[in-house]
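The values are calculated or read from the model by the stated rules, or taken from the named source; none is laboratory data. Keep in mind that this is a model prediction, so the values were computed, not measured. Using ideal geometry, Cβ is built from the backbone for each residue, glycine included, and neighbour counts are taken over all protein chains shown.
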Ligand SMILES: [Cu+2]
Ligand SMILES: [Zn+2]
């Protein structure tokens with residue numbers, strides 16, 4: 001770079017020559033062709049680094065968190081507990097931690113209970129106000145791993161040997177952001193195992209024949225946070241600044 005411009009003052013002089021003395025085009029061809037191109041390239045490289053570091057900042061720093069708390073559904077089952085959901089703000093996989101107690105202690109460990117996001121914002125009427133499974137594409141019920149499934153189909157949660165459900169689900173369809181967000185909809189835990197659309201029941205294709213609604217809660221956002229920049233993003237910013245000054 002320095003074979004053309006020794007310092008900033010000389011560079012500024014060249015820039016002025018290029019900009020304001022167009023009658024010297026032939027004598028100053030190198031200036032006209034190279035200098036603006038070089039300046040443009042430096043700006044491009046700098047902008048690219050800044051944008052990359054901003055992208056890294058956004059993609060690493062922000063998560064959307066949501067939760068809901070199931071109160072015992074009196075008259076049906078004393079199941080209660082808390083569900084925590086988390087997803088990167090730009091989308092992607094959602095992590096769902098489920099912690100539930102109050103299942104019938106006579107059930108053997110490993111007993112499964114249907115677990116879904118239902119369409120409505122409502123837990124009244126023994127969870128029936130939650131409506132059907134959240135199904136914006138109007139397709140049949142399925143397993144979480146099926147390509148055709150309700151958006152709300154999260155399959156089953158299994159009770160551990162201690163009578164407690166303590167599991168973490170990851171799902172690529174359930175989202176806390178965008179048009180298909182499940183925020184303000186209702187999670188329902190069921191009496192029976194969801195047959196994942198593969199049973200013989202007449203309701204297998206709509207509910208998975210998961211039986212009664214043992215408990216439910218409405219998903220609400222708890223945090224939509226941006227944390228402090230990571231070491232990597234700070235390094236990228238620093239590298240961008242250094243590159244800019246070295247190349248200029
Ligand atoms: Cu359900
Ligand atoms: Zn379903």
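Of the residues making up segment 109-144, those that are over 22 Å from the mean Cα position of the chain (by Cα), within 17 Å of residue 186 (Cβ to Cβ) and near ligand 2 (Cβ under 9 Å from one of its atoms) are 114, 132, 141. Look at (1) touching a strand residue (DSSP E or B) at 6+ places or on another chain (Cβ under 7 Å); (2) under 18 Å from residue 119 (Cα atoms); (3) at pLDDT 95 or above and you find that residue 157 fails only one, number (2).
Residues in segment 158-171: is at least one more than 22 Å from the chain's Cα centre (by Cα), within 12 Å of ligand 2 (Cβ to nearest atom) and not in a loop (DSSP other than H, G, I, E, B)? Looking through segment 158-171, none of the residues is more than 22 Å from the chain's Cα centre (by Cα), within 12 Å of ligand 2 (Cβ to nearest atom) and not in a loop (DSSP other than H, G, I, E, B). Among the residues of segment 172-188, which ones are in a strand (DSSP E or B) and either in contact with a helix residue (DSSP H, G or I) (Cβ under 7 Å, 6 or more places away or on another chain) or crowded, with 24+ Cβ neighbours inside 10 Å (or both)? The answer is 186, 187, 188. Only residues that are surrounded by 13 or more Cβ atoms within 10 Å (Cβ to Cβ) and over 15 Å from residue 151 (Cβ atoms) were counted in segment 93-137, giving 20.
In the set (1) within 14 Å of ligand 1 (Cβ to nearest atom); (2) more than 20 Å from residue 82 (Cβ to Cβ), residue 199 fails one condition alone, (1). The single condition among (1) touching a strand residue (DSSP E or B) at 6+ places or on another chain (Cβ under 7 Å); (2) without any contact (Cβ under 8 Å) to a residue 60 or more places away in the chain that residue 124 does not meet is (1).
Condition check ((1) assigned to a loop (DSSP other than H, G, I, E, B); (2) loosely packed, with under 15 Cβ neighbours inside 10 Å; (3) within 16 Å of ligand 2 (Cβ to nearest atom); (4) at pLDDT 90 or above) across all residues:
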{"residue": "193", "(1), (2), (3), (4)": "yes, no, yes, yes"}
{"residue": "203", "(1), (2), (3), (4)": "yes, yes, yes, yes"}
{"residue": "207", "(1), (2), (3), (4)": "yes, no, yes, yes"}
{"residue": "215", "(1), (2), (3), (4)": "no, no, no, yes"}
{"residue": "234", "(1), (2), (3), (4)": "no, yes, no, no"}
{"residue": "241", "(1), (2), (3), (4)": "no, yes, no, no"}
{"residue": "244", "(1), (2), (3), (4)": "no, no, no, no"}
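Of all residue pairs spaced 6 or more apart or on separate chains, those with beta-carbon atoms under 9 Å, a first member in segment 199-210 that is on the phi > 0 side of the Ramachandran plot and free of Cβ contacts under 8 Å to residues at least 24 places away in the same chain and a second member that is near ligand 2 (Cβ under 9 Å from one of its atoms) and assigned to a loop (DSSP other than H, G, I, E, B) are 209/194. Take residue 148 and tell me if it is at pLDDT 95 or above, within 10 Å of ligand 2 (Cβ to nearest atom) and not in a strand (DSSP E or B). Here the answer is no, as residue 148 does not meet what is asked.
Among the residues of segment 93-107, is there at least one that is away from ligand 2 (no atom under 16 Å from the Cβ), part of a loop (DSSP other than H, G, I, E, B) and at pLDDT 95 or above? Break it down stepwise before answering.
Applying the first criterion (away from ligand 2 (no atom under 16 Å from the Cβ)) to segment 93-107 yields 93-95, 97-107.
With the extra rule that they be part of a loop (DSSP other than H, G, I, E, B), the set shrinks to 93, 102-107.
Narrowing further to those that are at pLDDT 95 or above: 93.
Yes.
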